[in-house]
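Working notes, beginning with the structure itself.
Just so it is clear, none of the values below were taken in a lab; they were calculated from the coordinates. Note that the coordinates shown come from a computational prediction; the quantities given were computed from them, not determined experimentally. Note that each Cβ is placed from the backbone with ideal geometry, even for glycine, and that neighbours are counted across all protein chains shown.
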Amino acid sequence: MALTATEIGSIVQELAPALAEGWIQKITQPLPDVLLLEIRVPGHTRRLLCSVHDETARIHLVRRSLPSPPTPPSFCQLLRARVQGARIEAIRQISDDRIVRIDLTSRDGPVSLVAELFGRNADLLFLDGEQRVLATIRHNKERSGQPYQAPSHAPSRSHDSVAPAPEPPSDAEPFPLSAQLETLYREREVDLSQLAQLRARESVLRRTLKKHLRRMAALSRDLEQATKYEPYARYGELLKANLRSLKKGLTSVTVVDYYDETLPELTIPLDPTKAPQANMDAYFAKYRKFVSAQREIAPRLAAIETEVQQVQTELDTIKHGTWQAPVGDGASAPQWTKPTDRRRAAGEERRGPFRRFISSDGHQIFVGRNARENDELTFGLAKSDDLWLHAHGTPGSHVVVRLEKGTDPPPETLKDAATLALLYSDLKKSGKGEVIYTRRKWVRKAKGQARGAVTVTQEKALHVTLDKRRLDAMKERSPRPP
């Protein structure tokens, strides 16, 4: 059950002095409706938890962190880009209601987080300096971009209270109300967090398994086809021995099979459009395919079979209820078991060599460094609904913006990505040019062309001028390249 307005007021009185002069050094989102801020104050590091879950809407300090997903949700990414490193100016309750406002000073100026703790209507909003809603943790599109207005709710009733009355601080427990709330909700929150991780991990594993099985089927077909070419070395040698007696236009030739002790006659099919030498070369070429398949495909099949077994084993632990979610220690984000496939499994971010940036709206931007990386980025990492960009009519890097399905890129994110596409292209010297963009699903490999070459449909164009301030801001927000 959600907290009452009176209880929230008591918690805010406890939080305000505890987080005064603090700055946000880390942001995680362990559950879709839970945000955890790690705040550094003089001499201490404190964790502020805000939940907008239907049954556990609340805000208070916690001593322990919660396990987080391997890929932060978009709301968390936005806050990391815009709020991480911000200084806390004030924490206060709004209108004696179940609304808590945290005013911050970030690199870009004043911003705010507003927690509306109304149970089933709870939400956490991120406001800019002009009090416009930039995003909400529940992805409420109707409120995004609108001036913030506190919703009108009837005060919660006194018998809805779930939190004990706060006790005077002691040396043993400086934040008694937060400690009691953490104890009250801890078991359920951890269960919800671990269940969310389990479901996400199971989804990743099943998609990875499906991908591996498709690869195994394709490789098995290739190997089966190549196995048919095993006797073709003998055909080539027999044609070589009889080359002078052959002529163009024959559909077959019957020769003595010297490789069989009984010396039977063997009929070898021929291509009548080819000369005898070309027919012989064709048989040797197909035999080399067989040798290559045995050398390359068979080990790959064995490796994938091992990976499939590992995935099946982990799925069995989930099925039998013995799977254990990694637990973070608060000092660093917990590490999930990595997929055996070196590429990104669905739902997980691939740790690749690409250049990586964070847009002003918190979206991840990936940039290829060369033809190989361009190919891996576009056809390995990118999802079908991600945004794809490239400088028009000139060699350059592929640029991919990670987007949630059914969403459009914010204008500033589009400008950020287009600026990077221009920067990492041959148009850099001119400082301006045209950049095309489309969804990744409209990008195809160019047949018979060099690696990284593509054909694009349904593209749009954007004229871009290099903006040093925009580039500097992205580099400051973004992680260092690996």
**Item:** the range 5-22 - phi-based ³J(HN,Hα) in whole Hz, Karplus 6.51/-1.76/1.60, Gly and Pro as x
**Value:** 4, 5, 5, 5, x, 5, 5, 4, 4, 6, 6, 3, x, 5, 10, 4, 6, x
**Asked** Per the helix-only calculation at 222 nm, which mean residue ellipticity applies to the chain, given -39500 (n - 2.57) for every DSSP H run of n ≥ 4 and division by its residues, nearest 500 deg cm²/dmol?
**Response** -11500 deg cm²/dmol
**Protection proxy ranking, peptides 273-284, 256-267, average beta carbon neighbours within 10 Å, highest first** = 273-284, 256-267
**Request:** Please work out, to two decimal places, the log10 of the ratio I(q)/I(0) at q = 0.13, 0.28 Å⁻¹ from a Debye calculation in which every Cα of the range 22-79 carries one identical scatterer.
**Result:** -0.32, -1.23
**Prompt:** So for the range 228-319, what percent of the C-alpha to C-alpha distances run longer than 15 Å?
**Reply:** 67 percent
**Item:** Dipole axis of the range 355-477 (+1 Lys, Arg; -1 Asp, Glu on Cβ), positive-most option in A450, G362, G406
**Value:** A450
**Prompt:** Which value, in debye to the nearest 20, gives the size of the charge dipole of the range 345-453 about its Cα centre, when Lys and Arg are +1 and Asp and Glu are -1 at the Cβ?
**Reply:** 440 debye
**Prompt:** Taking the alpha-carbon set of the chain, what are its Rg and Dmax in Å?
**Reply:** 31.0, 108
**Complete:** For the chain, whose charge dipole is built from +1 on Lys and Arg Cβ atoms and -1 on Asp and Glu Cβ atoms, the candidate among L177, S10, Y229 with its Cα farthest towards the positive end is Y229
**Item:** Whole-Å semi-axes of the range 355-477's equivalent ellipsoid (Cα gyration tensor)
**Value:** 20, 17, 13
**Message:** My understanding is that a pair violates if its Cα-Cα distance is over 29 Å; which of K428/K475; K289/K445; K211/K319; K26/K460; K211/K405 do that in this structure?
**Reply:** K26/K460
**Relative contact order of the range 1-149, pairs being alpha-carbon contacts under 8 Å that are 6 or more residues apart, as %** = 21 percent
**Fill in**
The ³J(HN,Hα) series, computed from each phi in the range 222-238 with the Karplus coefficients 6.51, -1.76 and 1.60 at θ = phi - 60°, rounded to the nearest Hz and given as x for glycine or proline, is 4, 5, 4, 5, 5, 4, 5, 8, 4, x, 6, 5, 5, 4, x, 5, 5
